[in-house]
Amino acid sequence: MRALIIDDDPRMTSLLRETLRGEKFDCVLAHNAETALEIAREQTFDLIVLDLGLPGMSGIILLRKLRAAGNTALIFIVSAYGRAEDRVLGLDMGADDYLVKNFSLAEFMARTRALMRRKLEKKHNLLACGSLVMNLENKEVRLRQKLIPLSKREFQIVFVFLSHKNKVLSRADLCEYVWGDALEMRSNVMDVHIRGIRKKFGQDGELLQTVRGHGYMLSEPHI
């Protein structure tokens with residue numbers, strides 16, 4: 001995944017870059033609207049993090065130009081402008097979310113993950129890893145074309161794994177994606193769910209691998 005961070009505050013861009021890198025984003029930085037517009041014309045991004053108080057061209061004008069040019073990236077405004085009318089204007093101009101500085105980086109990432117999940121659901125009706133296929137339209141999961149009966153929570157967990165296949169996810173990562181925080185990692189709730197999913201996968205339970213000391217990974221078995 002790729003993110004363009006647009007902010008004239010070096011400290012803020014550094015914090016956002018490190019936070020997004022922790023979520024496997026490749027980040028590009030821009031410190032003014034003109035540079036950002038040029039970059040966005042030449043490169044494709046999944047996420048654009050946009051400050052409104054930019055030197056020269058304002059962030060609102062940049063937002064309008066990006067959407068007018070057909071840019072479909074998720075645009076997340078992070079701004080010191082906290083009035084209701086500022087937030088309404090930003091969202092009406094095409095932003096997908098809005099946070100007022102000083103915000104919690106944990107909340108920023110939770111909102112970013114929610115945006116990415118919604119984008120994924122809209123873009124793809126199917127997610128797959130080998131013979132494991134999830135249909136997001138009818139909420140069905142099939143393995144070797146056989147319907148796998150999953151609970152609502154198990155479905156959410158499999159969705160997270162399919163959205164991050166071939167990547168190691170810690171128990172805390174999984175809990176944050178599924179429950180919205182890492183509190184559940186203090187118990188064995190996630191481990192119990194994963195054991196249940198593996199059991200339902202039967203002979204293909206090895207799709208969900210345990211990476212000792214790190215977490216779990218959904219990956220096709222090597223033949």
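A compact table of results
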read-out: Only one of Gly82, Gly130 that is over 20 Å from the mean Cα position of the chain (by Cα), modelled with pLDDT under 90, at positive phi and of a type outside the set (Lys, Arg); value: Gly130
read-out: Hey, Leu52 in contact (Cβ under 8 Å) with a residue 60 or more places away in the chain and buried (at least 18 other Cβ atoms within 10 Å of the Cβ) or not; value: no
read-out: Cβ-Cβ under 6 Å pairs, at least 6 apart or on other chains, the range 9-30 side touching a residue at least 24 places away in the same chain (Cβ under 8 Å) and over 21 Å from Asn166 (Cα atoms), far side surrounded by 17 or more Cβ atoms within 10 Å (Cβ to Cβ) and not β-branched (Val, Ile, Thr); value: Val28/Leu4; Ala30/Ala36
read-out: Residue count for the range 1-35, restricted to those that are out of contact with any helix residue (DSSP H, G or I) (no Cβ under 6 Å at 6 or more places or on another chain), within 17 Å of Ile60 (Cα to Cα) and part of a helix (DSSP H, G or I); value: 2
read-out: Per-region count, the range 122-174, residues charged (D, E, K, R) and more than 21 Å from Met109 (Cβ to Cβ); value: 9
read-out: Residue match in the range 101-115 (condition: of a type in the set (A, V, I, L, M), more than 16 Å from the chain's Cα centre (by Cα) and at pLDDT below 90); value: no
read-out: Scan of the range 36-46 for residues that are open to solvent by less than 60 Å² (accessible area, probe 1.4 Å) and more than 20 Å from Met116 (Cβ to Cβ), ordered by number; value: Ala36, Leu37, Ile39
read-out: Residue list for the range 36-64, filter: assigned to a helix (DSSP H, G or I), over 29 Å from Ser163 (Cβ atoms) and out of contact with any Asp or Glu (no Cβ under 8 Å at 6 or more places or on another chain); value: Leu37, Glu38, Ile60, Ile61, Leu62, Arg64
read-out: Residue within the range 203-222 that is touching a Gly at 6+ places or on another chain (Cβ under 9 Å), modelled with pLDDT of 85 or more and more than 26 Å from Arg118 (Cα to Cα) present; value: yes
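The values are calculated or read from the model by the stated rules, or taken from the named source; none is laboratory data. This one's a predicted model, so the numbers in the text were calculated from it and none came from an experiment. Neighbour counts run over all protein chains shown; Cβ positions are idealised from the backbone, glycine included. Surface accessibility is based on the protein's heavy atoms, side chains included, excluding ligands, DNA and RNA. Shrake-Rupley method; radii C 1.70, N 1.55, O 1.52, S 1.80 Å.
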